[in-house]
Amino acid sequence: MRILQFLLWLILLTWIGRKLLGWLARSFAPGAANRQAPAGTASRQLERDPQCGTFVSPQVSFTAEHDGKVVHFCSAACRDAYLSVQPRAARSA
């Protein structure tokens, strides 16, 4: 019975130790401060480029209007390629 208790405590303490060491390693790793998102950015969504599938921030994307919706692109080349195969109703925003 004592051996079983010892093994359970050993497993528990090992698990806690690994969690603690992992947290410390992430906290004190070089560049750890840069990994945290700025305040207010957690709720921002990325938009998917319909041409190449890349996800891009709406703040830095190239845009075009298609069917009354603003479509976001990662580059002007993707936007131009997309617009070249779309109906004439599409235009740059």
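The values are calculated or read from the model by the stated rules, or taken from the named source; none is laboratory data. Note that the coordinates shown come from a computational prediction; the quantities given were computed from them, not determined experimentally. Cβ placement follows ideal geometry from the backbone for every residue including glycine, while neighbour counts extend to all protein chains displayed.
Here are the numbers:
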{"item": "Selection within the range 35-67 - of a type outside the set (Val, Ile, Thr), part of a loop (DSSP other than H, G, I, E, B), at pLDDT 85 or above and farther than 30 Å from residue 23 by Cβ", "result": "49, 50, 51, 52, 53, 58, 59, 61"}
{"item": "Identity of the residue in the range 62-85, among the aliphatic types (A, V, I, L, M) and in contact (Cβ under 8 Å) with a residue 12 or more places away in the chain, that ends up nearest to residue 46 (Cα to Cα)", "result": "71"}
{"item": "Residues satisfying the stated conditions in the range 54-73, i.e. among the β-branched types (Val, Ile, Thr) and crowded, with 18+ Cβ neighbours inside 10 Å", "result": "56, 71"}
{"item": "Pair list, Cβ under 9 Å, 6 or more apart: the range 21-36 residue on the phi < 0 side of the Ramachandran plot and surrounded by 10 or more Cβ atoms within 10 Å (Cβ to Cβ), other residue modelled with pLDDT under 75 and basic (Lys, Arg)", "result": "26/35; 29/35"}
{"item": "Failed item, numbered, when residue 82 is tested on (1) in contact with a Pro (Cβ under 7 Å, 6 or more places away or on another chain); (2) modelled with pLDDT of 90 or more", "result": "(2)"}
